[in-house]
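The values are calculated or read from the model by the stated rules, or taken from the named source; none is laboratory data. Everything numeric here is computed off the predicted structure, so don't read it as measured data. Backbone-built Cβ (ideal geometry, glycine too); neighbour counts: all protein chains shown. When the accessible area is computed, the model is the full protein with side chains, heavy atoms only, and any ligands, DNA or RNA have been set aside. Shrake-Rupley method; radii C 1.70, N 1.55, O 1.52, S 1.80 Å.
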Amino acid sequence: MKLIIYVLFCLAVLQPASAYAQLYTTRSGFIGFYSKTPLEDIRGENNQVYAVLDAGKRNLAFAALLKGFIFPKELMQVHFNENYVESDKYPKATFSGAYTGDVSLDKDGVYKVIVKGSLTLHNVTRTIETSATLEVKGGHLLGVAEFKLKPEDFNIGIPSIVRDKIDKEITVKVNIDCTIK
């Protein structure tokens, strides 16, 4: 009996650090969204995205202030905040979910994962599932994903006068560089 307890104790003590919950965070993550039509290209980018990834539980969460999105044209930024996402009323977008796939935190490498969770935008929550890449590199955890959204899925109305200038599906790109907390 003492031998079993000793073996269990040794296994617990000698387990690699990756077996324990490890939080990776950043306050300078990137989310960009893009629309391309024959009439106009739209680009909004935010480099102040907060992200936290719990590698032990395989959970992740993001938060972005909508007024943090910068556009090449000031008028686009005004319309985005005032008319579409109503950022005074709904100031942030959030995502909370989990990823599946094996990621070894003990060695540098690139890992394909599937991310699934809840995206809340404009006070509407929808399930999002997309493929992503997590890369372990020099103590950092880098994440990259791309997916598409429809504005109407989040009750974001597009006036008919500008409907042809905005793609029906918006491409969203996510890029994070997290360090251990």
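Identify the residue in the stretch 159-179 that is exposed (fewer than 14 other Cβ atoms within 10 Å of the Cβ) and hydrophobic (A, V, I, L, M, F, W, C) and, among all such residues, is nearest to residue 69 (Cα to Cα). Taking the candidates together, the pick is 162.
Among residues of the stretch 134-159 that are part of a loop (DSSP other than H, G, I, E, B), those with a beta-carbon under 6 Å from a residue that is open to solvent by 60 Å² or more (accessible area, probe 1.4 Å) and modelled with pLDDT of 95 or more at least six positions away or on a different chain give the pairs 150/169.
Among the residues making up the stretch 126-173, those that are aliphatic (A, V, I, L, M) and within 19 Å of residue 87 (Cβ to Cβ) are 149, 156, 158, 162, 166, 170, 172.
For the residues 118, 87, 131, the requirement of being assigned to a strand (DSSP E or B), touching a Lys or Arg at 6+ places or on another chain (Cβ under 9 Å) and under 15 Å from residue 64 (Cα atoms) singles out 118. Taking the stretch 91-104 as the search range and keeping residues that are open to solvent by 40 Å² or more (accessible area, probe 1.4 Å) and farther than 30 Å from residue 80 by Cβ, which one is modelled with the lowest pLDDT? Among those residues, the one meeting the criterion is 102. Residues in the stretch 22-70 that are outside any strand (DSSP E or B), of a type in the set (A, V, I, L, M, F, W, C) and open to solvent by less than 20 Å² (accessible area, probe 1.4 Å): 55, 66, 69. The condition (being of a type outside the set (Val, Ile, Thr) and loosely packed, with under 13 Cβ neighbours inside 10 Å) is satisfied by just one residue among 129, 135: 129.
Within the bounds of the stretch 105-112, is there any residue that is in contact with a Ser or Thr (Cβ under 9 Å, 6 or more places away or on another chain), of a type in the set (Lys, Arg) and open to solvent by 20 Å² or more (accessible area, probe 1.4 Å)? The answer is yes; a qualifying residue exists.
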